[in-house]
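Let me begin by presenting the structure, written as structure tokens, before commenting on it.
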Number of protein chains: 2
Amino acid sequence: MPVDLHPRLEQDSHQLGVYNDNLLLLMRNALFPWFVIVPDTREVELHRLPGHQQTRLFNQVIQVSSFIEAQFQVDKINVASIGNLVPQLHVHIIGRRQDDACWPGVVWGTDKFDAYSLDDVAVIRHHLAATLGETFRN
Amino acid sequence: MPVDLHPRLEQDSHQLGVYNDNLLLLMRNALFPWFVIVPDTREVELHRLPGHQQTRLFNQVIQVSSFIEAQFQVDKINVASIGNLVPQLHVHIIGRRQDDACWPGVVWGTDKFDAYSLDDVAVIRHHLAATLGETFRN
């Protein structure tokens, strides 16, 4: 593990793998294709990350967004760095549908929930590995 | 104006100026230092922007975040591209305080509101111009 994961992120996610030193998580809510990147840093603000880490993180956000668009039927991608509840720096990338449980609202704070099967998670991890290539280790 | 602003963004914001071809807005809610960058594009997804426009936008997000941190007393910066209600691509950069009206929740969808005076907006625009330099025209 590149960084110690905050207990709340650990509890709320499936750890998909390590993505060029950053952690890639799938949130435990099958209602949305909801991924989180946790950069390998103790810094808590995006704008205070060293430039090379910003660039890496932004590129990964773009790649995961493209993955979501290719893999799921979505109408919009939501991207956000919030961190009001979990101070550890993390970026959400979420595929949204006009018929999903929270549309057009945001997903943060929702209590609407559906669990993934372990098979679901394995399939997503497999497709991610095929898409992201050598920079992703699961 | 580099782009036609979506009527909802136009109604909900003070237009601060043009920031290297992108629009910089201040949301009409004095409860939060809440800025929005509207890139000069008709593309609606961040990950489908041409690379040079992505880079410009990310750099501007970093600069506006630093401006908020320097100018306001905030505990966290929230950054997000959502676009579920307003399809025009736009990025929120919001300074948050642990004693603000929505903490620790997100600000999108809140009905809590306070108006800026025109003087408040002028002061913010003045400080922005001083910080951002020649790339910002108000």
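Label-to-label distances for A:T135 across copies, nearest first, come out at 2.2 nm, using points 7 Å from Cα in the beta-carbon direction. Excluding same-chain neighbours fewer than eight residues apart, the lysines reachable from A:K112 by a Cα-Cα span under 25 Å are A:K76, B:K112.
Stokes-Einstein diffusion of the range B:34-114 at 25 °C, 0.890 mPa s viscosity, Kirkwood radius from Cα pairs, rounded to a whole number: 179 µm²/s.
Each listed q (0.08, 0.16 Å⁻¹) maps to a log10 I(q)/I(0) for the protein assembly as shown from the Debye sum over equal C-alpha point scatterers, namely -0.32, -1.34. Ellipsoid fit via the Cα gyration tensor, the range B:93-138: semi-axes of 26, 14, 9 Å, each the root of five times an eigenvalue, largest first. Pick from A:L23, A:L118, A:L49: which residue has the top mean-square fluctuation in a GNM of chain A where Cα pairs under 10 Å get a spring? Residue with maximal mean-square fluctuation among A:L23, A:L118, A:L49: A:L118.
By accessible area, using a 1.4 Å probe on protein heavy atoms only, chain A has 47% of its surface on carbon and sulfur.
Working from the Cα coordinates of chain B, the gyration tensor eigenvalues give, after taking √(5λ), semi-axes of 22, 18, 15 Å in decreasing order. Rounded to the nearest 20, the size of the Cβ-charge dipole of the range A:1-109 about its Cα centre is 100 debye, with Lys and Arg at +1 and Asp and Glu at -1. Considering the range B:1-81, its Cα convex hull presents a mean projected area of 5.5 nm².
The values are calculated or read from the model by the stated rules, or taken from the named source; none is laboratory data. In this text, all values refer to a predicted model and were calculated from it rather than measured experimentally. Glycine also receives a Cβ, built like all others from the backbone with ideal geometry; neighbour counts cover every protein chain displayed. To get the accessible areas, we keep the full protein, side chains included, count just its heavy atoms, and leave off ligands, DNA and RNA. Shrake-Rupley method; radii C 1.70, N 1.55, O 1.52, S 1.80 Å.
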